[in-house]
Structures are given as structure tokens and as C-alpha cells.
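Q: Okay, handing you the structure first.
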């Protein structure tokens, strides 16, 4: 079975790489990976989870992902390991027989295959996709920061506050703009609740009740908070024991790989130690027979991957940007590797030409219109503020590069949000217990 899954993984990766939504005139165009919303993305995974638990859906995973044996289950346990990309998992298996054997056991011999994240490949867009079972075009969550037309400011969507206030949390709620207004579509918990299925969420207590959590967790049946990485695994064990034999959905969120990658880089001993811990603890828990009920599907995936940044292009310091910056009507939005420019009327063509001329090996641009038409953000009923949030021009950085503006100054060693394979490909493995 392991050999069959490896061949399947290679085939799916080839399909994903051949999926060309856009064909920009750059020498490194083939390095770009696009969301595969037609059955091989985290959007389709969220649709499948909803469908397995009784919600009518239209875009589940391609049946080949299940090796054409779609499971019938009552409980779904979804573990999202933030930042744990497919390329990283491949690398760890190539380096370590221990990790390879643990994954073999965790997946009951199936191994893992690739899916794609969404664009941008960042938590602020990917988690809403998981928690609404809708693509970014419908959720309207299009970046870590974006222009909020109702408030007239560039908003930090993790802190739910103006970017200019430098990580002061939940300011918008104090202005009378509750987090629930950001996404107009129903949440996954609300959809499941409507068919009588409760949703549980296991996450760090500091994240519960934040602006992003309020956006995501509408209709949640129960939080299961933990206070550190040690008790998290025991809380997972307890939650699985508590919900055994019940029809429900259990979401588990692990931020550790993402945090370690940002702090040290995507290829360090610290990251390897955390990965080994995750697989070791999962192996122990999933082989605890008291937690089995025969009707549970366990899934491990990620929201995006990571890669170390070696070149930082500073918009406010690099003289090549001087003429471009004069066309800005505000600071940039989005993310450092998938950036939205908000430009003065009539300047877009000139800005796009200057970026192409001055940064041919580092940056590529798309107009929002062509990105939307190509399906870069999915195909669904567009969010009413889609165009204003995307701005006037999208700038995507090549692997190893990021843009730095006043709103995203960072000491992060590794970044994500772009369209490289290290960021866009995420692992998918499952097991029935």
C-alpha cells in the first residue's frame, strides 16, 4: 500500500504542477503553483469533511485521494499543523527512517499525498477556507492585511485592528464592527450544526476569543483549550475519549511548526525536533485502542508551507521603488510575498511596467481582474468587497524573496503566502480508527 500511495503522490503532484491558471511572461513561470480547486485543494478537503458529516456539498476531494474508497464515518478529526508543507514532509522522510516509519504507522500504511493551499498561502486565508468550506473569493479573507471599505482603513486580520496601530488587538470591535461581519457566508460549524452535528475545537487558550477566532468559530459547540505544547497532546487524548462514538467534527490546530519556521528558518534542528515530537505523539495517541470507535476518520494536513527568505526588497529604502511609491494611495496590503498595491487612478499600467522592468527575476504582477477571471481565488459568488480588498495590482514574490513595507516589517527568517511549491503544496494523510 505504501508503494501505491507513493505512485499516487507522484501522479497528483504532476497534475498540480501542470495546472496553469495564469501564464505570466517571466522566465520562472513554471515555478508557480496554483490552487487546484477542482478536487485537490484544502477547499475541497473542507467540502469533503462537511459532506461526510451530512452537509450537501458540490466540490469534495477527487475520489482518487481516497483511492476511490470514500470512507463512511460518524466522527472526523482534522489536525492542521500550521506551516507543515508537503515539501518539508518529503524532506524529513528522506532524512529520517524514524519519521518515515511513524508516518507509515499513523497513516495505516497509506503515506501522504499533496494537496494545494489557497492563494495567498497564508493562515488568514487558509483557515477561513477550512472553517467555511468556501474559497477565498466567497469568504473575502484575502490576506493578513487588506483594505476594509466599511471602515476606510487597512486592517490587520489576525489582530482585527488597523495595521497602523501595530498589533493592538480587537480595535475594530470597539468601533462597533464585530468580527462576524467580515465573512458573510456561514461557517462550517454553523453548517454542521444545521444538520445536528456538533463541532469541537482544540487550540491554545490565548487564541480562543481573538478576532480571527471569532470570525472562524461561529456556531462552535465546545472549545477545548490548552496552555502549552505539552498538555495539548493530553487534551487531544481527552477530547477524543470524550467524543468517542459520537457524530461530530473535532478540529485541532498546532501553530508550532509555523512559529519555529518564522523564528529560525524552514530547515533547522529545531523544526526537525518539533516534527518528530508531533509524529511521535500522534503515533501514541492513534494507537490507543480506548480512543477507537471504528467510525472515526483522522486527517492530518496543513494550511500552507514555509521557506527561508534570503532577499528582502525594502519598498521605502530601495531607490528602484521611489517612482513607484509616488503612485501609491496607501501603504501596501496582503502579505510580504503576495502583496496588494493600492494605486492612484491611472497609474497601474505604468507601475506594472516598472516592476516588470526593474525586478524581472524577483517579482511578478497580476491585475485583480485577470486573477479573478483565472480562478486564482476560486469560483464562487464573490464577496461584495472583493475588488476593494484586492486593490489595483497584485505582486507575487519569487521563492526566497519578500517585499517589506512599513506595515509588514518583520524579523521572520522564513515566510509564506506566495505561489512556490514549498508554500502551496500541503500534505494530506488519513487513517480510520
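The values are calculated or read from the model by the stated rules, or taken from the named source; none is laboratory data. In this text, all values refer to a predicted model and were calculated from it rather than measured experimentally. With ideal geometry, Cβ positions are generated from the backbone for all residues, glycine too; neighbour counts draw on all protein chains shown.
Q: So how many residues does the range 272-299 have that are in contact with a helix residue (DSSP H, G or I) (Cβ under 6 Å, 6 or more places away or on another chain) and free of Cβ contacts under 8 Å to residues at least 24 places away in the same chain?
A: Within the range 272-299, residues that are in contact with a helix residue (DSSP H, G or I) (Cβ under 6 Å, 6 or more places away or on another chain) and free of Cβ contacts under 8 Å to residues at least 24 places away in the same chain number 1.
Q: Right, residue 115: part of a loop (DSSP other than H, G, I, E, B) and either out of contact with any helix residue (DSSP H, G or I) (no Cβ under 6 Å at 6 or more places or on another chain) or at pLDDT 95 or above (or both) or not? Even if it seems obvious, please write down each step before you answer.
A: Working: part of a loop (DSSP other than H, G, I, E, B): no; either out of contact with any helix residue (DSSP H, G or I) (no Cβ under 6 Å at 6 or more places or on another chain) or at pLDDT 95 or above (or both): yes.
In short, no.
Q: If only one of 168, 197 is within 26 Å of residue 335 (Cβ to Cβ) and in contact with a strand residue (DSSP E or B) (Cβ under 9 Å, 6 or more places away or on another chain), which one is it?
A: Selected residue: 168, the only one of 168, 197 that is within 26 Å of residue 335 (Cβ to Cβ) and in contact with a strand residue (DSSP E or B) (Cβ under 9 Å, 6 or more places away or on another chain).
Q: Okay, next question. Looking at 107, 117, 96, 145, which is the one that is over 13 Å from the mean Cα position of the chain (by Cα) and within 18 Å of residue 396 (Cβ to Cβ)?
A: Result: 145 is the single residue among 107, 117, 96, 145 that is over 13 Å from the mean Cα position of the chain (by Cα) and within 18 Å of residue 396 (Cβ to Cβ).
Q: Could you identify the single residue in 78, 53 that is within 16 Å of residue 427 (Cα to Cα) and either within 20 Å of the chain's Cα centre (by Cα) or outside the structural domain of residue 380 (by TED's automatic domain parsing) (or both)?
A: 78
Q: Hey, could you check the range 49-97 for residues that are at pLDDT 95 or above and on the phi > 0 side of the Ramachandran plot and say which is surrounded by the most Cβ atoms within 10 Å (Cβ to Cβ)?
A: The selected residue is 83.
Q: Give the range 258-275 a look and list any residue that's surrounded by fewer than 16 Cβ atoms within 10 Å (Cβ to Cβ) and over 15 Å from residue 416 (Cβ atoms), or say none.
A: If the condition is that a residue be surrounded by fewer than 16 Cβ atoms within 10 Å (Cβ to Cβ) and over 15 Å from residue 416 (Cβ atoms), then 269, 270, 273 are the ones that fit.
Q: Among the residues of the range 320-330, how many are in contact (Cβ under 8 Å) with a residue 60 or more places away in the chain and either under 9 Å from residue 408 (Cβ atoms) or over 31 Å from the mean Cα position of the chain (by Cα) (or both)? Before you say what the answer is, go through the steps one by one.
A: As a first pass, look at the range 320-330 and keep what is in contact (Cβ under 8 Å) with a residue 60 or more places away in the chain: 330.
Those still in the list that are either under 9 Å from residue 408 (Cβ atoms) or over 31 Å from the mean Cα position of the chain (by Cα) (or both) too: none.
Qualifying residue count for the region: 0.
Q: Let me ask something else. So residue 163 passes all but one of these: (1) within 16 Å of residue 382 (Cβ to Cβ); (2) surrounded by 22 or more Cβ atoms within 10 Å (Cβ to Cβ); (3) more than 13 Å from the chain's Cα centre (by Cα). Which condition number does it fail?
A: If we test residue 163 against (1) within 16 Å of residue 382 (Cβ to Cβ); (2) surrounded by 22 or more Cβ atoms within 10 Å (Cβ to Cβ); (3) more than 13 Å from the chain's Cα centre (by Cα), just (1) comes out false.
Q: Only strands (runs of 3 or more DSSP E) wholly contained in the range 291-336 count here; list those with 2 or more residues that are modelled with pLDDT of 95 or more and surrounded by 23 or more Cβ atoms within 10 Å (Cβ to Cβ).
A: 296-301, 333-335
Q: Is at least one residue of the range 30-37 buried (at least 20 other Cβ atoms within 10 Å of the Cβ), farther than 20 Å from residue 111 by Cα and touching a strand residue (DSSP E or B) at 6+ places or on another chain (Cβ under 6 Å)?
A: For the range 30-37, residues buried (at least 20 other Cβ atoms within 10 Å of the Cβ), farther than 20 Å from residue 111 by Cα and touching a strand residue (DSSP E or B) at 6+ places or on another chain (Cβ under 6 Å): present.
Q: Within the range 82-103, track down each residue that is closer than 16 Å to residue 121 by Cβ, in contact with a helix residue (DSSP H, G or I) (Cβ under 7 Å, 6 or more places away or on another chain) and part of a helix (DSSP H, G or I).
A: The answer is 87, and nothing else.
Q: Could you tell me which of the residues 115, 148 is in contact with a strand residue (DSSP E or B) (Cβ under 6 Å, 6 or more places away or on another chain), touching a residue at least 60 places away in the same chain (Cβ under 8 Å) and outside the structural domain of residue 15 (by TED's automatic domain parsing)? Quick ask: steps written out before the conclusion?
A: Details: 115 fails: outside the structural domain of residue 15 (by TED's automatic domain parsing).
Exactly one residue qualifies, and that residue is 148.
Q: Restricting to the range 226-275, what's the tally of residues that are over 15 Å from residue 293 (Cβ atoms), in contact with a strand residue (DSSP E or B) (Cβ under 7 Å, 6 or more places away or on another chain) and either outside any loop (DSSP other than H, G, I, E, B) or not assigned by TED's automatic domain parsing to the domain that holds residue 301 (or both)?
A: 11
Q: Next up: Go through the range 142-160 and give me each residue that's crowded, with 21+ Cβ neighbours inside 10 Å and out of contact with any helix residue (DSSP H, G or I) (no Cβ under 9 Å at 6 or more places or on another chain).
A: Residues satisfying the conditions do not exist here.
Q: May I pose another question? Considering the range 185-221 alone, what residues qualify as being out of contact with any helix residue (DSSP H, G or I) (no Cβ under 6 Å at 6 or more places or on another chain), on the phi < 0 side of the Ramachandran plot and part of a loop (DSSP other than H, G, I, E, B)?
A: 186, 195, 197, 198, 205, 206, 208, 210, 217, 221, listed by residue number.
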